[in-house]
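Trainee: Before I ask anything, let me first share the structure, which is written out below as structure tokens.
The values are calculated or read from the model by the stated rules, or taken from the named source; none is laboratory data. Computed from a predicted model, the values in this text were never measured in an experiment. Neighbour counts are summed over all protein chains in view; Cβ atoms, including those assigned to glycine, are modelled from backbone coordinates with ideal geometry. Accessible surface is based on the protein model in full, side chains and every heavy atom, while ligands, DNA and RNA are left aside. Shrake-Rupley method; radii C 1.70, N 1.55, O 1.52, S 1.80 Å.
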Amino acid sequence: MWNSITTFIDNLPAIIDKSASSPLAMLALTLLVGAALAWLFFRKESVKVRLFIYCALLIGVSTLIIALNQAATTVGGQPEGPPIEPSPPPIEPSPPPIEPSPSPIQPSPPPIEPQNPTLKSSPIQPDKDIYTSLETIKVEFDVADRLPDDGGWPVLGISPASAPDDQTGSQRVRIGASGQHTFAAQRPGDYQIRISYRQTNGGYVPVARYPITVQAYPVESKPSSNSIQTDKTLYTSLEEIKVKFDVADRVPSDGGWPIIGVSLASAPDNQTGQQREKIGASGQHTFAAQRPGDYQIRISYRQTNGFYVPVIRYPITVQPYPSDFQPSSNSIQTDKTVYTALEVIEVEFDVADRVPSDGGWPIIGISPASAPDNQTGSQRVRIGESGQHTFAAQRPGDYQIRISYRQTNGGYVPVARYPITVIEYQP
């Protein structure tokens, strides 16, 4: 015990320095200072107060002793306790174990190497090397001798030839070691039929690749084509467009369908046109009258992947309707040709032979003679094919009675024009 006290005294400066930063020592110091101040000011109080002060002093001293003991242990001083027993002698190392003789090394399976796809011995064989964008791609394969037996499986897909080699491609399906598969038609471009091995760790190892090419489908656009026929090639802007078609030998049976539409001839070839409708492989279709311009009747094939492949283009032309502007026309008759500014204008008309029956209707109006021809005029009203109408008196000037046809697409086609003149009223 005397040695422990001597060691403690020798290391006291270091112990005090170490305990200065100890939270326990700070707590002890706080209790001692507080107890000393309480004794200074309250020692003459009741017994309970003095007993509380004595307890605080006792707790502070005890805490300080514990803090100093911990600091002494840190700096090398040993607290009082039983003597340290000497360590036992070192254990002699046992002799090394006898190494078992190595087992014979099992040969690893042959690495999976892509075979040259251009060879006839390739494990992938499509029915051809060059397709059109409307042809399905039929593939036979046999990769039984190229797959390990570790719990994975082969997958088959089609991918652009420029895609990274670790990509398995679109329309990917799990396959057996051999069999057949058919891919939907693809857009024009260079592709690869890809077989990969899906490992149990989720990685894909290339097994075989076979290159193919998809070319644009040859669009039929000659007016003499038997695949599509219109009742004429030159229409007026009031005539419906009647079409017969037969494309049974030009569309595949892979789940898609043909559609027909009418489009401006200058529109991009991948546009199917307006008034587009799904059709069968053959039949008839009628388009509403179109505004003047050059058009194409377009039949396209809608593939299962949502892509439209042009099949047939057939050119037609729509000219402006020849409006009847002659004053002696039987289409429009007024009770006179010169009116005063106080006279109403009475009109009789008959345009039954000049308007189609495609869902639109004729309208009549009165307009200044200098107004653009596509303006229908003021006091415009919807009319039948024949009848009578009275316009209110007009200000002096040159006018036209105008009958136009309102098409289902919202356009107005001039049908008949009749000139009149309004002069100042002379009392």
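Trainee: Determine which member of the set Gln375, Gln394, Gln400 is out of contact with any Cys (no Cβ under 8 Å at 6 or more places or on another chain), without any contact (Cβ under 8 Å) to a residue 40 or more places away in the chain, surrounded by 18 or more Cβ atoms within 10 Å (Cβ to Cβ) and more than 30 Å from His285 (Cα to Cα).
Mentor: Gln400
Trainee: Okay, moving on. Take the residues in segment 378-391 that are of a type outside the set (S, T, N, Q) and part of a strand (DSSP E or B), then tell me which one is least open to solvent (accessible area, probe 1.4 Å).
Mentor: Only one residue tops the list, namely Phe391.
Trainee: Looking at segment 403-427, which of its residues are open to solvent by 60 Å² or more (accessible area, probe 1.4 Å) and assigned to a loop (DSSP other than H, G, I, E, B)?
Mentor: Those that are open to solvent by 60 Å² or more (accessible area, probe 1.4 Å) and assigned to a loop (DSSP other than H, G, I, E, B): Thr408, Asn409, Glu424, Tyr425, Gln426, Pro427.
Trainee: Select from segment 158-175 the residues that are out of contact with any Asp or Glu (no Cβ under 6 Å at 6 or more places or on another chain), open to solvent by 40 Å² or more (accessible area, probe 1.4 Å) and not hydroxyl-bearing (Ser, Thr, Tyr) and list them in ascending order.
Mentor: Passing the criteria: Pro160, Pro164, Asp165, Asp166, Gln167, Gln171, Arg172, Val173, Arg174.
Trainee: Now for a separate question. Just one of the numbered conditions (1) assigned to a strand (DSSP E or B); (2) surrounded by fewer than 20 Cβ atoms within 10 Å (Cβ to Cβ) is not true of Asp358; which one?
Mentor: Against the list (1) assigned to a strand (DSSP E or B); (2) surrounded by fewer than 20 Cβ atoms within 10 Å (Cβ to Cβ), Asp358 comes up short only on (1).
Trainee: So which residues in segment 27-49 are open to solvent by 80 Å² or more (accessible area, probe 1.4 Å) and assigned to a helix (DSSP H, G or I), if there are any at all?
Mentor: Leu27, Leu29, Thr30, Leu37, Trp39, Leu40, Phe41, Phe42, Val47, Lys48
Trainee: Right, next: Please determine whether any residue of segment 310-333 is of a type in the set (A, V, I, L, M) and over 29 Å from Val247 (Cα atoms).
Mentor: The answer is yes; a qualifying residue exists.
Trainee: Please enumerate the residues belonging to segment 153-167 that are under 25 Å from the mean Cα position of the chain (by Cα) and either assigned to a strand (DSSP E or B) or within 20 Å of Thr304 (Cα to Cα) (or both).
Mentor: Of everything in segment 153-167, those that are under 25 Å from the mean Cα position of the chain (by Cα) and either assigned to a strand (DSSP E or B) or within 20 Å of Thr304 (Cα to Cα) (or both) turn out to be Leu156, Gly157, Ile158, Ser159, Pro160.
Trainee: If you check Leu134 against the conditions, is it open to solvent by less than 60 Å² (accessible area, probe 1.4 Å), modelled with pLDDT of 90 or more and not polar (S, T, N, Q)?
Mentor: no
Trainee: Working carefully through the options Thr213, Thr317, find the one that is within 28 Å of Gln407 (Cβ to Cβ) and either touching a strand residue (DSSP E or B) at 6+ places or on another chain (Cβ under 8 Å) or of a type in the set (D, E, K, R) (or both).
Mentor: That would be Thr317, the only listed residue that is within 28 Å of Gln407 (Cβ to Cβ) and either touching a strand residue (DSSP E or B) at 6+ places or on another chain (Cβ under 8 Å) or of a type in the set (D, E, K, R) (or both).
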